[in-house]
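We did not get these values from a lab; they are worked out from the coordinates using the rules stated. Model, not experiment: these values are computed from the prediction. Here the Cβ is made from the backbone with ideal geometry for all residues, glycine too, and neighbour counts use every protein chain on show.
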Amino acid sequence: MQLFNHFPLIMIMAPMIMAMAVLIVKKEYYVRLMTLAMQTLIAALSLWLLISLINSEVEAFAYTMGYYPAPWGNELRAGPLESMMSFAFSIVMFLSLLGGSKDTSRDINKDKIHYFYMMANLLTCSLMSIVYTNDLFTGYVFMEINMLAACAIVVAKESGETVKATVKYMCLNMVASMLFLLALAMLYSVTGHLLMEPAKDVVVMLADSGQFQMPLTVTLALFTISIAIKSALFPFHTWLPDAHGNATTSVSAILSGLVLKGYVILLLKIISRVYGVEVVGMLGISNAMFFLGLTSMVAGSIFALQQKDIKRMIAYSTVAHIGYIFMGIGFNTPAGFAAASYHIMAHAFTKSMLFVATGVLINAAGTKEISGMIGVAWKSRIAGAAFLVGALSLIGIPLFAGFPSKFYLAEAAIHDEQGAWIAFIFLAFSTFLNALYYVPTLYKFYSTKGTLSQAIEGGSWAREKSPATPVLFGLIGANIALGVFYIPIMSLLHEGFEWLG
Amino acid sequence: LGSLGANYIEATALILFGIGLTTLLLHKNLIKKLIGFNIMETSIFLYLTAKGYIAGRGAPIIIDGANNIELYINPIPSGLVLTGIVIAVSITAFMLALCIKIYEYYGTLDMDKIILISNKDGSKTTVSPRKLEDIIQQDSDDNDVDNIDTGIAENPDDEKDPDGQKGDD
């Protein structure tokens, strides 16, 4: 066993220990430093793991916890896909926490701020476990930790609105967790395994023999619905805008960029590692995912059009983009999964950038209403530029992260004989709708008519000393990098899915 | 129908799950929603325990070295139930804490009223307690509701709902 084989476990345990260490330290400055250092450590380990996996002969490995062999013990699994996701997640987490740190210290009670960072560490821990786990029940347990930590950091900015938003969040997510647990119990009673690989052997055997078709269909449907609720796909999205619109800046960025995506990764793992592409296609659930994704793409954008509050608008845009990801999964081919994973990364970087930039713009304008923010981009130019890049990226302009993901989704659609035309029409229509709400907003932000644009002369690129400025530069850079160097990333993702299946 | 009779514990568990789900989704009162959640999780624990039990065998506690495995039930579902209980307890505790907070801010546990209040006061991020009382006062004038502040207390009208929904399961 080589050194890098232990990295997944370290990436899960270290933030958990850090969460406790943070409670002892308590001083805001050091606590933030420790949390950010933890994200850096995870990013470095993930990169190391990724490079070693590329260079070594084994492309993926399973790490047995406590050295109990496969059918009995608990396992972690790492491959190119997992290490890349954990790398992207830790970077986004780092940038979101740092970018919104000014708002965090303003919005959250000074005496309790170490609890906020404790929850951020726990969130990292649960995200890493969801990414690396090879065991369904471990996935469930850490999904719950993820939900509680996410709710806790939403409600950390204490106001009537956030408490209400968190209650809504909890109510729907409780339903989702119970559906997941029910599906888990049923799948266990049919297959007798909780580890993904042995479970898949039994599932494939059952599917071939034609026995227990109904329980298999029901469990897969329950898993899908549960994760659709947790990642706010269209008919189940009602909790999302409140939570994302009212939380503090970095929390909105983390929720939209990471928390939703963690669940989708788990769904991808369930589909490709527990059921397998053939069985999922046979049971017909992928069609449901495809159509839910399509509806979500359009409905999310239509809701976003009606919003007056900038943060709620971006939150509804997340619903639309979760739709893209589910459409990609709905193609039920490795190409579709890889395109969906690319969109997970592209959207994580773009949406966190939009939320951080919006936080700065809201501070500059003093209001969350779009109508009150006319000309605000001149007042804080770097945030304006970041919003511009983010909006263009989500619309799908080349050179930015959103373009290759839409391109690959369209490419994956070609191979789907029946769904291709529907997918193309919805992709085009949804892109049009995206432009329909982002372009007027940009126009308002860059207008020279409003009172705020009097600051044109005094507008600054980097003069104000705020941690958001370097973060936004970094996010713009990451966005353009994802938009330009997509071929190596995509080939790695393809490789990852080959080894996942 | 014969298999339903043989698996009556599982069938009961799923009926309980349905009752819990409808309670969680359809009740307005947060405490009742939480009770619904607890019914749901308990029903899944029942399902898991029933699946792990093998008639005529004992608990897998090994004394004096390993014995014949034919003597024991499957211990894994019991382990899952234990973990599930821990999770359910923490969710319940967190949700109850949120209920206390929401009662502080809105003066009610009725979700519909909470949404009504926050819509009326839409632009403000924080609701000041005094203003809140005004809103509730106005609200009670408008709607002629008797017990605004007693969201926790039993509302006789709510009793009808669970009976009405049981048929749908």
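Taken about its Cα centre, the protein assembly as shown carries a charge dipole of roughly 2220 debye when the Cβ of each Lys and Arg holds +1 and the Cβ of each Asp and Glu holds -1.
The distance between label points at A:ILE480 and A:HIS415 comes to 3.3 nm (points 7 Å beyond Cα on the Cα→Cβ vector). Each label point was placed 7 Å from the Cα along the Cα-to-Cβ direction; for A:MET282 and A:ALA70 their separation is 2.0 nm.
Convex hull volume per residue, computed on the Cα atoms of chain A, equals 130 Å³.
Neighbour counts of C-beta atoms inside 10 Å place A:HIS6, A:HIS494 in the sequence A:HIS6, A:HIS494, starting with the fewest.
Label the range B:1-116 by shape, choosing from rounded, prolate and oblate, from the square roots a ≥ b ≥ c of the eigenvalues of the Cα gyration tensor; if a/c is under 1.5 it is rounded, and otherwise prolate applies when a/b is larger than b/c, oblate when it is not. Here the range B:1-116 falls in the oblate category.
Comparing A:VAL204, A:ALA149, A:LEU182 along the charge dipole axis of the range A:100-206, the residue lying farthest to the positive side is A:ALA149, per the Cβ-charge model.
Between the Cα long axis of helix A:260-269 and the first principal axis of chain A there is an angle of about 20°, rounded to the nearest 10. Give, rounded to the nearest 20 debye, the magnitude of the charge dipole that the range A:250-395 has about its Cα centre when Lys and Arg contribute +1 at Cβ and Asp and Glu contribute -1 at Cβ. With only Lys, Arg, Asp and Glu charged at Cβ, the dipole is about 340 debye. Listed from fewest to most Cβ neighbours within 10 Å, the set A:GLU59, A:GLU158 follows the order A:GLU59, A:GLU158. Rounded to the nearest 10 degrees, the angle from helix A:28-55 to the longest Cα principal axis of chain A is 50 degrees. Could you give the angle, 0 to 90 degrees to the nearest 10, between helix A:420-445's Cα long axis and the longest principal axis of the Cα atoms of chain A? Taking the Cα atoms of chain A, the angle to A:420-445 is about 20 degrees.
Residue by residue along B:79-88, Cβ atoms of other protein chains within 10 Å of the local Cβ number 4 on average. Mean partner shielding of peptide A:181-194, defined as the number of other chain Cβ atoms within 10 Å of each residue Cβ, is 5. Sorted ascending by nearby beta carbons within 10 Å, beginning with the fewest, A:VAL356, A:VAL389 become A:VAL389, A:VAL356.
Inter-label distance, A:TYR29 to A:THR448: 4.3 nm, where each label sits 7 Å from its Cα along the C-beta direction. In this structure, the pairs whose alpha-carbon distance is over 20 Å, taken from A:LYS26/A:LYS157; A:LYS27/B:LYS101; A:LYS110/A:LYS379, are A:LYS27/B:LYS101; A:LYS110/A:LYS379.
Taking R0 as 35 Å, what FRET efficiency do you get between A:ALA44 and B:TYR53 from their Cβ-Cβ distance, rounded to the nearest 0.05? Given R0 = 35 Å and the Cβ-Cβ separation, E is 0.15.
Positive end of the dipole of the range A:1-105 (Cβ unit charges, origin at the Cα centre): among A:LEU45, A:TYR30, A:TYR63, the Cα lying farthest that way belongs to A:TYR30.
The range A:61-76 and the range B:89-116 have Cα centres spaced 41 Å apart. Residue farthest toward the positive end of the dipole of the range A:184-313, with Cβ of Lys/Arg at +1 and Asp/Glu at -1: which of A:ILE310, A:VAL259, A:ILE229? Result: A:ILE310, furthest along the dipole toward the positive end.
Estimated purely from DSSP H runs of n ≥ 4, each contributing -39500 (n - 2.57), the mean residue ellipticity at 222 nm for the protein assembly as shown is -24000 deg cm²/dmol once divided by its residues.
In a simple Cβ point-charge model (Lys, Arg +1; Asp, Glu -1; nothing else charged), the range A:1-82 has a dipole of about 440 debye relative to its Cα centre.
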